[in-house]
Amino acid sequence: MAFRKAVKGTALIGGGAIATVFGLSQFSQYRNKHGALVQVQAAEVVPVKNHLPTREQQILALQTSSEFDVIVIGGGATGCGCALDAATRGLKTALLERYDFSSGTSSRSTKLIHGGVRYLQKAIMKLDFEQYRMVKEALEERAHLLQSAPHLSAPLPIMLPIYKWWQLPYYWIGIKLYDLVAGSHCLKSSYVLTKARALELFPMLRKDELVGAIVYYDGQHNDARMNLAIALTAARYGAATANYTEVRRLLKTTDPASGKLRVCGVRCRDVLTGKEFDVRAKCVINATGPFTDSVRKMDDEEVPNICQPSAGVHIVMPGYYSPDNMGLLDPATSDGRVIFFLPWEKMTIAGTTDSPTDVTSHPIPTEEDINFILSEVRNYLGADVEVRRGDVLAAWSGIRPLVTDPNSKDTQSISRSHVVTVSDSGLVTIAGGKWTTYRAMARDTIDAAIQEHNLKAGSSKTMGLQLEGAQDWSPTLYIRLVQDYGLESEVAQHLASTYGDKAFEVAKIAQVTGKRWPIVGKRLVSEFPYIEAEVVYGVKEYARTAVDIISRRTRLAFLNVQAAEEALPRVVDIMGKELNWSDQKKKEELETAKKFLYYEMGYKVKTDQLTDSSEISLMPSDIERYKKRFHMFDKDKKGFITILDVQRVLESISVQMAENTLHEILNEVDLNKNGQVELNEFLQLMSAIQKGHVSGSRLAVLMKSAEENLRRRAAIPVDRSGGGV
């Protein structure tokens, strides 16, 4: 009864605010109709290339073209969006990326396509029309993004748990305003849940003092694949797109009319071959995210910085931490930040933090940020759910490029929207903004470029334009993959949701398994649906390093770093055949990829949790029990065990295991990397497991199983049980 009264009271409290925002919403309703007209325009644009040019062909086009209309520097979401917008307007376009497409911030997001609930709150509380306009635009772009790549994105319900009665009307008003501002672009209407219903949908929630919950909808996507889809679509529309092509400096010429120096191209280097060459253009666009100022200083060394980089850390935990189709929002953390807790790719993603940082190409997640996120997660999950540090399967840091607007009177204030500037020499810079609004940012940038450089092109044609793989995709496409090619259902669903209608091209090159079922599709690792054929196809999608495959063509590194490390040797072998790598090159790729996993994807924190100085805090009875287990393997009382010791015990119970697998298992615990596991290392491992700092240790599982099975002679389970970092 009290619950119903609170909801009724909320309607009265929120009436005035809703009426105000409704009036503001009418201001931009005409844009919806305009968007529908542009959709018709987009449908009339026909890609000029049915087959993707190879990277070598793209490099040749850059080297041999006399002049482009537009050169875009930066292969993130915004840069690729600019290239696509320009190419679809008929402009001769080049896109240059120093590393791989989406290798920076665009692949390290929260994976949400959203308008920004917290920004709407600020807009209402401060009567800030600029913030309101930004949210309104983001919600319109959210709808576009979900329609342009439905295979890569989908609506996601997000629960906001309520633990105080007064919060119910407060948050209900805010969420309803969010729906109202979205207008016809509202994905689904938000709703209120009773305590019982909230716990039914999200059983992991903390029950104590729970009043109820509010559920609203935003979008979710596979960010790196979405970024790549934009780049590939731009390539199909004729843009010369090249990753691993670094801009060394800007080219300038004297304008005969004004006598001023004007940017007329770039000097760039093919990172893979080392060859340098000039690419000329009427307009150069700087869309480099956190590296905005470094390109601006190529134009003018004296120009003040406008980018204020902020680091956001995310962690990935096992899927059982959240329901399959319900996210969670913590609107006010202990330090005032917002934390999302979301299902993603059958795992659970949690983040993000927000702290000042230096600009770097290789941001590293810190233990402090990881523990902060875990602490906030614990506040919302029930006491029966133990949130363990060892369950962190991957962690990463992304640099958000917040900017100050140099055109604003208050140049110190950070702009939450995007900023387009044009320098005296004609360099066009797009900075700030958010993933969701990449298309609008690109539209505004190309509009500015056309105006500044008198380019001959019409209005933007990207509203309603479908991205790579979306044309013939349907929710049931995966069934055809199962029926026509004999793929596992899980693998088929993954291919359909990753490649859209291009999934058939991947299925065609999938290897025969030699099993009754599945007929084709050899997995890279057993517990994930990624198959070897994706490595081959990834090379066609311009992947040139092992890191490209494990982190962006597949998302293995973002889901489980130990699984990614296990897949690496096979990934390198397949890429080696496709790209004619030497044995030395293969070795270098393997080491580089392992370094990437170790530092940038959170693998380092695993060894930080289990080091030579780790404290052993075990009861005396536990120590004796674990010593006895250890000595079952160390029959000679050497004080350490080796692969030979483990093989001997396994043979005694008729279990066979590959030597390289045993080497991997021991290496996980071998702290001093001397090829053996000492008693002290084993006790440190068991202590860390008891404290929850380490989970999924295959050696611990194997040794415990061996102890139990020596009597029964039963098989020992050796599958990796998660592999927390």
Check GLU246, GLU302 and return the single one that is part of a loop (DSSP other than H, G, I, E, B) and either outside the structural domain of ARG89 (by the TED database) or open to solvent by 30 Å² or more (accessible area, probe 1.4 Å) (or both). GLU302
Restricting the range 489-527 to residues that are part of a loop (DSSP other than H, G, I, E, B) and in contact with a helix residue (DSSP H, G or I) (Cβ under 6 Å, 6 or more places away or on another chain), the residue that is surrounded by the most Cβ atoms within 10 Å (Cβ to Cβ): GLY521
Answer yes if at least one residue in the range 593-614 is at pLDDT below 85, in contact with a Ser or Thr (Cβ under 8 Å, 6 or more places away or on another chain) and either closer than 30 Å to TYR537 by Cβ or of a type in the set (D, E, K, R) (or both), and no otherwise. no
Does the range 223-239 contain any residue that is in a strand (DSSP E or B), crowded, with 24+ Cβ neighbours inside 10 Å and not aromatic (Phe, Trp, Tyr)? no
Considering each residue of the range 288-304, count those that are farther than 17 Å from THR105 by Cβ and not aliphatic (A, V, I, L, M), and give that number. 7
Inter-residue pairs, beta-carbon under 6 Å, first within 17 Å of SER65 (Cα to Cα) and in the range 227-242, second surrounded by fewer than 24 Cβ atoms within 10 Å (Cβ to Cβ) and at pLDDT below 95, 6+ apart: ALA235/LEU52; TYR237/PRO47; GLY238/VAL48
Taking only the range 346-376 into account, find how many residues are in contact (Cβ under 8 Å) with a residue 60 or more places away in the chain, part of a helix (DSSP H, G or I) and touching a helix residue (DSSP H, G or I) at 6+ places or on another chain (Cβ under 9 Å). 2
Filter result for ARG98 (farther than 20 Å from ARG225 by Cα, open to solvent by 20 Å² or more (accessible area, probe 1.4 Å) and modelled with pLDDT of 85 or more): no
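Listed here are the residues, each with its yes/no results for (1) of a type in the set (Ser, Thr, Tyr); (2) touching a strand residue (DSSP E or B) at 6+ places or on another chain (Cβ under 7 Å); (3) part of a loop (DSSP other than H, G, I, E, B).
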position	(1), (2), (3)
PHE291	no, no, no
SER294	yes, no, no
LYS297	no, no, no
GLY312	no, yes, no
ILE315	no, yes, no
TYR320	yes, no, no
ASP324	no, yes, yes
SER334	yes, no, yes
Between LEU180, LEU160, LEU193, which is open to solvent by less than 30 Å² (accessible area, probe 1.4 Å) and either over 24 Å from the mean Cα position of the chain (by Cα) or of a type in the set (Lys, Arg) (or both)? LEU193
Tell me the helices (runs of 4 or more DSSP H) entirely within the range 542-606 that contain at least 1 residues that are open to solvent by 10 Å² or more (accessible area, probe 1.4 Å) and free of Cβ contacts under 8 Å to residues at least 24 places away in the same chain. 561-579, 583-599
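The values are calculated or read from the model by the stated rules, or taken from the named source; none is laboratory data. Every value quoted in this text rests on a predicted model; they were computed, and no experiment measured them. Cβ coordinates were reconstructed from backbone atoms using ideal geometry, including for glycine residues, and neighbour counts include every protein chain displayed. Keep in mind that these areas ignore ligands, DNA and RNA; they rest on the heavy atoms of the full protein, side chains included. Shrake-Rupley method; radii C 1.70, N 1.55, O 1.52, S 1.80 Å.
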